[in-house]
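Peer 1: Please read through the structure below; I'll follow up with questions.
The numbers here are math on the coordinates, done by the rules we state, and not lab data. As the structure is a prediction and not an experimental result, all values here were calculated from the model. Here the Cβ positions follow ideal geometry from the backbone for every residue, glycine too, while neighbour counts run over all protein chains shown.
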Amino acid sequence: MSMSTGERFAILGTLGGAVLLAWQSAWPDWQLAETRQAQIVELERKVGEIAQAEESLTAETQRLTQAREQRDRECRSIPYTADVAGLMQALSLEVNGDVVRDQTFTVMDRPAEEAGRFQVLPLRVELDADFSSVWSVLERAEGLSRLVRVSGLEMSLVDQKHPIDGAQPLRASLTLDVVYAPPADGDSMP
């Protein structure tokens, strides 16, 4: 049983057609699979980058937290308002007529702008008291958590004509610069 040449061509044509049909139906899926594989590789790369970014963000967040803690330990705060009443309360001494005879607080002028965003309000504290009381006011100003600069200090004896041995009452005038930073337009207060 021998096949004729026509039959061979028919069989080869049928097999060729079957292979071509299989290839045409499989080729789009093959290309889609290659495209999907490339997308998978790209997504895995991006996921890896996200993981690295998360680690970097965590490390930077820790550094920021530590920097803020250091700032809070080492720097004075600059509030949004002058809060002169609170400052007067923090610096006030008890006027008892003996050690502290008189104490007055005077806002000297309107706030002056300094370094663009900061405002400085001059405040004068006048005391008739002994030296340790004047020193106590200076220590209180230094111990405040907010920024207050001592910009002037004048002292003299209350009664220069009749000095008293020992604890001579002093008249002291301290000038303080109350620094604050009002919120700029668009800023919100904490």
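Peer 1: Of GLY48, MET3, THR61, which is farthest on the positive side of the dipole of region 1-75, counting Cα position, with +1 on Lys and Arg Cβ, -1 on Asp and Glu Cβ, and the Cα centre as origin?
Peer 2: Towards the positive end, the residue furthest out is MET3.
Peer 1: Using modelled backbone amide H atoms (1.01 Å from N, in-plane), which distant-in-sequence or interchain residues come within less than 5 Å of LEU157's amide H?
Peer 2: Distant-sequence amide H within range of LEU157: ARG171.
Peer 1: Please work out the Cα center distance from region 11-61 to region 76-106, rounded to the nearest Å.
Peer 2: If we compute the Cα centre of each part, the gap is 74 Å.
Peer 1: Between MET108 and ILE40, what is the spin-label point distance in nm, taking each point 7 Å from the Cα along the Cα→C-beta axis?
Peer 2: Modelled inter-label distance: 7.7 nm.
Peer 1: Where in region 125-160 does the label zone of SER173 land, with the point 7 angstrom along Cα→C-beta and an amide N cut-off under 19 Å?
Peer 2: Correct set: 125-131, 134-135, 137-138, 149-160.
Peer 1: Report the equivalent ellipsoid semi-axes for region 74-139 in whole Å, largest first, defined as the square roots of five times the eigenvalues of the gyration tensor built from alpha carbon atoms.
Peer 2: Gyration-tensor ellipsoid for region 74-139: 27, 13, 10 Å.
Peer 1: If you don't mind, there's one more thing I want to ask. Expressed in nm to one decimal, what extension gain is obtained for the pair VAL47 and ARG76 from 0.36 nm per residue of sequence separation less their Cα-Cα distance?
Peer 2: Gain on stretching VAL47 to ARG76: 6.2 nm.
Peer 1: Another question, then. Under a point spin-label approximation (7 Å from Cα along Cα-to-Cβ), what is the LEU144-ASP83 distance to one decimal in nm?
Peer 2: Each label point lies 7 Å from its Cα, and together they span 1.0 nm.
Peer 1: How large is the translational diffusion coefficient of region 1-75 in µm² per second when you combine the Kirkwood radius over alpha carbon pairs with Stokes-Einstein at 20 °C and 1.002 mPa s?
Peer 2: For the chosen part, D equals 116 µm²/s.
Peer 1: To continue, here is another question. How are the Cα pair distances of the chain distributed, in percent, across 10 Å bins from 0?
Peer 2: Values per bin, smallest distances first: 7, 19, 16, 11, 8, 6, 6, 5, 5, 5, 4, 3, 2, 1, 0, 0.
Peer 1: Take region 84-180, drop everything but the C-alpha atoms, weight them equally and run the Debye formula without solvent; then report log10 I(q)/I(0) at 0.15, 0.19, 0.24, 0.25 Å⁻¹ to two decimals.
Peer 2: Results for region 84-180 at q = 0.15, 0.19, 0.24, 0.25 Å⁻¹ read -0.60, -0.88, -1.26, -1.34.
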